[in-house]
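Here's the structure, in structure tokens; my notes come after.
None of the figures in this text is laboratory data; all of them are computed from the coordinates on show. In this text, all values refer to a predicted model and were calculated from it rather than measured experimentally. A quick note on method: Cβ atoms are made from the backbone with ideal geometry, for glycine too, and the neighbour counts reach across all protein chains shown.
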There are 2 protein chains.
Amino acid sequence: MLYKDLDRSAQERLLAEIEKKLQTYKDLNLDLNMARGKPSPEQLDHVTTLFENVSMDNFMSEEGIDVRNYGGLYGLIELRRVFGSMLKIEPESVWCLSSSSLTIEYDLLSRLMLFPLPGQSKAWRDLNEVKFLCPVPGYDRHFNMLDSFGIKMIPVPMNDEGPDMDLVEELCKKDSSIKGIWTVPMYSNPTGESYSEKTLRRLLSMEAAEDFKVLADMAYAVHHLHEDPAEQDPVYPLLDLAREEGQPDRVFVFASTSKMTYAGAGVACLATSENNRAWLLPSLKSQMISADKVNMLKHARLFRSLGGVESLMKAHAKVLGPKFELVLEAFDEKLGPTGIATWTRPKGGYFVTIWVYPGTASKVYARCKELGLSITDAGACYPYGKDPEDSALRIAPSYPHMDELREAINLFCLIVREQALLKLLEESRS
Amino acid sequence: MLYKDLDRSAQERLLAEIEKKLQTYKDLNLDLNMARGKPSPEQLDHVTTLFENVSMDNFMSEEGIDVRNYGGLYGLIELRRVFGSMLKIEPESVWCLSSSSLTIEYDLLSRLMLFPLPGQSKAWRDLNEVKFLCPVPGYDRHFNMLDSFGIKMIPVPMNDEGPDMDLVEELCKKDSSIKGIWTVPMYSNPTGESYSEKTLRRLLSMEAAEDFKVLADMAYAVHHLHEDPAEQDPVYPLLDLAREEGQPDRVFVFASTSKMTYAGAGVACLATSENNRAWLLPSLKSQMISADKVNMLKHARLFRSLGGVESLMKAHAKVLGPKFELVLEAFDEKLGPTGIATWTRPKGGYFVTIWVYPGTASKVYARCKELGLSITDAGACYPYGKDPEDSALRIAPSYPHMDELREAINLFCLIVREQALLKLLEESRS
């Protein structure tokens, strides 16, 4: 029976039961962590085993570059080809520039602040105001980045096809100080849902400032949870779509192997149009001679020896799939009948978003912390940390062992129920 | 006999002899390269052998961090300690942030352009003009970097204790738009000479703009050519000196292992005061979760297993020392008696600077190219590529084999003599 349909005394009785259970958790002095999308040790060990079998008996790239020495600004072609096939982008448009896509993203924004784009007389830093659209809930590090550059963030709600495009188009049409939108088109952080082709085409064709940019973080391009292609979201060829929609220079695509090989010690890339690459080149040349080509070659050989990225990603899915299932089953069973929460059912990525009873997310977060369970801060998935509904929470099931995860998610569901009941009782009093 | 003291006919006779020899070089269709300070394959192979003996059977850092996963923004303490001991800086002040110091340097300048320093109301980008002092000859990539940010470069001549400090002090005293100086205090690129303690103390104590910064690229801190400490230049503890001179926040120090392990695939660091680190932190946190800690751990273990960096650097010196000797002996023998050129005699680093007969450097460069020998572009060691004397050339003897180097340097000396004679004959005509 839905919690809101229970009478006060039934709600109070339920609350008392839950409090009793939570007391036993308190006595356990737990230390559980579901806060960040970190790969588990099991996944990392698997990758290490694979790397051990990669032959590094020579350090010559396909094009005859000794990767231990200087040179090769754009990265090794054999690796650019791997990223290209993941992203459905021609390898020439893909540059491998760092061990982390976050760094490439930050650096791009930094360049946009400092250097005028082709055809523009001013860099963004020299404009009165620069605004970005931020689909919410979204990725906290994207928001921190914008904030650190003083870019004003405008939240736009997500629906199951991506951001609310009617609103996006309306905003961009009337305000040319809106210079971009942060997107995670595949298995979005934190909802796990993907943008539809229609949404992507509207983003790439709509009326907007001439220097409006779509920043597409393809962090989870190949991070499916299921082997059956019918149970996977498709990758859309973003550079092709942009060309087809007549805006070839509108999109910058980012990806990395952080959740394929080693987190932050993998390889990462940027893909964009020829015009954009020409604009990037002078400042890029000032910044680096090349990123770490030894690591690039190791990665290229790993993927080649695997016959592509699929077999690696299947191994990850075998570890991650059951964790997502466990979380969703727990939500279905323990929260489904109560009507106090809704959540996403991702086919890939690293996160599930749950909307707990409005006005209780920050209390759930605090109560979890009190009982030894770290979850992502309430509000973190919103610009300036402000969730107007105080409802969305990001669940990151990847890191804990299954046993720990089971315990963590049971505790979490109890707390969600407790806080909803407290809120319902408070509301019925007033 | 000095070329300038020869009469015209003697000069013409000599020139004819040289032309004849150069013709035989032309027929060889050479392809020799002394353009960039690249480690040789022999050095890289040695490092590879060392890395093969580094045990990576576990990925736990000293502090219990799994280096294959996220976290650890400042880098591994065991590696910060290695850099600290190289630079005579306490490890807490050293952050490992990239695989390349060039990138850390560029990123610092980018931050200085965008974010106001503590106590300042404006970032450099918001000032009417920002100028930097550039000791010349200097490092071309430092100059390109400044130029890409629109920072105006003022050349300052080097003497054998570093930049001309009387001029530096005079300029800084009267012009508060001078915001910094680029330095390579140890085995400077390209002269190979080191700054004296007196020069460093004057740089760190002199009157200058409040936000004046000394950028110290310690690229060659341990890159001695000789084993005998009496034949090595000393490393001065730059952060200590800055504190002693009452300007703790004036200096930023950079270093990397690019010329110790793998070029561009090593590890690199920034060292600076607590105030400066606090200023850096917000933007740094937006840019990265950490640099590549797997590579950091591998490096830390390599240095530990070697008992420090000295034995590695001795092995490099064994390869590099004879190359520098060969170059200097050739200059002494073939150019010494002519009086047409002077050059430095570095105790470390990767370069020798030669001042050829004034007005002939760009011709020497072009003639080398014509005969199949790549050297660093004339003017490259000066801001905006402009050497007012058209005299300085950078010699990078590290990459070629000894045989190739011998051939290259003999050819180079012939061309230097040819161009000097042509110039002398031209001058005596007019």
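If you put +1 on each Lys and Arg Cβ and -1 on each Asp and Glu Cβ, how big is the dipole of segment B:273-430 around its Cα centre, in Debye rounded to 20?
Values: 21 positive and 18 negative charges, 159 e Å.
Here segment B:273-430 has a charge dipole of around 760 debye.
Tilt of helix B:8-27 relative to the longest C-alpha principal axis of chain B, in degrees (0 to 90, nearest 10)?
Computed tilt is about 60 degrees.
On the Cα set of segment A:289-389, report Rg and Dmax in Å, please.
Expressed in Å, the Cα Rg and Dmax of segment A:289-389 come to 19.3, 58.
Within 10 Å of each residue's Cβ, count the other Cβ atoms and sort A:Thr24, B:Thr376 from fewest upward. Don't skip to the answer; put the middle values down first.
Working: A:Thr24 8, B:Thr376 21.
Ascending Cβ contact count within 10 Å gives the list A:Thr24, B:Thr376.
Convert each backbone phi in segment A:45-51 into a coupling constant with the Karplus relation 6.51 cos²θ - 1.76 cosθ + 1.60 (shift: θ = phi - 60°), then list the ³J(HN,Hα) values in order as whole Hz, x for Gly and Pro.
Taking θ as phi minus 60°, the curve returns 4, 4, 5, 4, 4, 5, 4 Hz for segment A:45-51.
Cα atoms only, segment A:61-307: Rg and Dmax in Å?
So, for segment A:61-307, Rg and Dmax equal 17.6, 52 Å respectively.
How big is the equivalent ellipsoid of segment A:228-315 along its three axes, where each semi-axis is √(5λ) from the Cα gyration tensor, reported in whole Å from largest to smallest?
Numbers: eigenvalues 134, 99, 18 Å².
Equivalent-ellipsoid dimensions as semi-axes: 26, 22, 9 Å.
Over the alpha carbons of segment A:1-82, what is the largest minus smallest coordinate on each principal axis, giving the biggest first in Å?
Cα spread of segment A:1-82 along its principal axes, largest to smallest: 77, 29, 21 Å.
Could you tell me how many degrees, from 0 to 90 and to the nearest 10, lie between the Cα long axis of helix B:77-87 and the main elongation axis, the longest principal axis, of the Cα atoms of chain B?
40
Treating only the Cβ of Lys, Arg, Asp and Glu as charged (+1, +1, -1, -1), what charge dipole size does segment A:61-307 show about its Cα centre? Round to the nearest 20 debye. Present the calculation step by step, with values, prior to reporting the outcome.
Numbers: 26 positive and 35 negative charges, 188 e Å.
Using only the charged Cβ atoms, the result is roughly 900 debye.
Can you compute the helix-only [θ] at 222 nm over chain A? Use -39500 (n - 2.57) per DSSP H run of at least 4 residues, normalise by all residues, nearest 500 deg cm²/dmol. Don't jump to the answer; show the numbers that get you there.
Values: 13 runs with 179 residues, N = 430.
The per-residue figure over chain A is -13500 deg cm²/dmol.
Counting other beta carbons within 10 Å of each Cβ, put B:Tyr236, B:Tyr384, B:Tyr365 in order, fewest first.
Details: B:Tyr236 21, B:Tyr384 12, B:Tyr365 24.
Fewest-to-most Cβ neighbours within 10 Å comes out as B:Tyr384, B:Tyr236, B:Tyr365.
Could you list A:Val47, A:Val184 in order of exposure, starting from the residue whose Cβ has the fewest other Cβ atoms within 10 Å?
Taking fewest neighbouring Cβ atoms as first place, the list is A:Val47, A:Val184.
For B:Asp45, go 7 angstrom from Cα along the Cα-to-Cβ vector, then report the distances to that same point in the other copies in nm, smallest first.
3.9
How many angstrom separate the Cα center of segment B:80-120 from the Cα center of segment B:182-249?
Each part reduced to its Cα centre gives a spacing of 15 Å.
Would you work out if segment A:169-308 is rounded, prolate or oblate? Take a ≥ b ≥ c from the square roots of the eigenvalues of the alpha-carbon gyration tensor; rounded if a/c is under 1.5, else prolate when a/b is larger than b/c, oblate otherwise. Each step should come with its number before you reach the end.
Values: a/c = 2.23, a/b = 1.26, b/c = 1.77.
The shape class here is oblate.
In terms of modelled amide H atoms, which long-range or inter-chain residues lie less than 5 Å from the amide H of A:Val136?
When sequence neighbours closer than 5 places are left aside, the close amide H contacts are A:Val156, A:Met158.
Taking amide H positions as placed in the peptide plane 1.01 Å from N, state which residues far from B:Tyr220 in sequence (5 or more) or on other chains have amide H under 5 Å from it.
Amide H neighbours of B:Tyr220: B:Met186.
Go from 0 up to the bin containing the longest alpha carbon distance in chain A, width 10 Å each, and give me the % of pairs per bin.
Per 10 Å bin, starting at zero, the Cα-Cα P(r) for chain A comes out as 4, 21, 29, 24, 15, 6, 1, 0 percent.
From the phi angles alone, apply the Karplus equation (6.51, -1.76, 1.60; θ = phi - 60°) to segment A:28-41 and give each ³J(HN,Hα) in whole Hz, x where the residue is Gly or Pro.
For segment A:28-41, the Karplus curve yields 7, 6, 5, 9, 10, 9, 10, 7, 10, x, 9, x, 7, x Hz.
Working from Cα positions, state the angle (0 to 90°, nearest 10) between the long axis of helix B:274-287 and the longest principal axis of chain B.
90
Report, to one decimal in Å, the Kirkwood hydrodynamic radius for segment B:80-134 based on all distinct Cα pairs.
Computed over segment B:80-134, the radius equals 13.3 Å.
Can you compute 3J(HN,Hα) from phi for each residue in segment B:249-255, using the Karplus curve 6.51 cos²θ - 1.76 cosθ + 1.60 with θ = phi - 60°, rounded to whole Hz and x for Gly and Pro?
Using θ = phi - 60°, the values come out as 9, 7, 10, 10, 10, 10, 7 Hz.
Give the shape of segment A:332-427 as rounded, prolate or oblate, defined through the alpha-carbon gyration tensor: a ≥ b ≥ c are the square roots of its eigenvalues, a/c under 1.5 means rounded, and otherwise the shape is prolate if a/b is larger than b/c and oblate if not. Intermediate results must be reported in sequence, preceding the final value.
Working: a/c = 1.41, a/b = 1.20, b/c = 1.18.
Rounded.
Rg/Rh for the protein assembly as shown: what does it come to with C-alpha atoms and Rh from Kirkwood? Present the calculation step by step, with values, prior to reporting the outcome.
On the way: Rg = 30.5 Å, Rh = 29.6 Å.
That ratio equals 1.03.
Can you tell me how segment B:209-276 classifies by the Cα gyration tensor, rounded, prolate or oblate, using a/c under 1.5 as the rounded cut? Can you show the working numbers first?
On the way: a/c = 3.10, a/b = 1.49, b/c = 2.08.
Oblate shape, in that a/c is at least 1.5 and b/c is the bigger or equal ratio.
Out of residues 5 or more away from B:Lys213 or on other chains, whose amide H comes under 5 Å of its own, with H placed 1.01 Å from N in the peptide plane?
It is B:Gly180, B:Ile181, by chain and number.
Please give the residues of segment B:18-41, grouped as numeric ranges, whose backbone N is less than 20 Å from a label point set 7 Å along the Cα-to-Cβ vector of B:Arg429.
B:18-20
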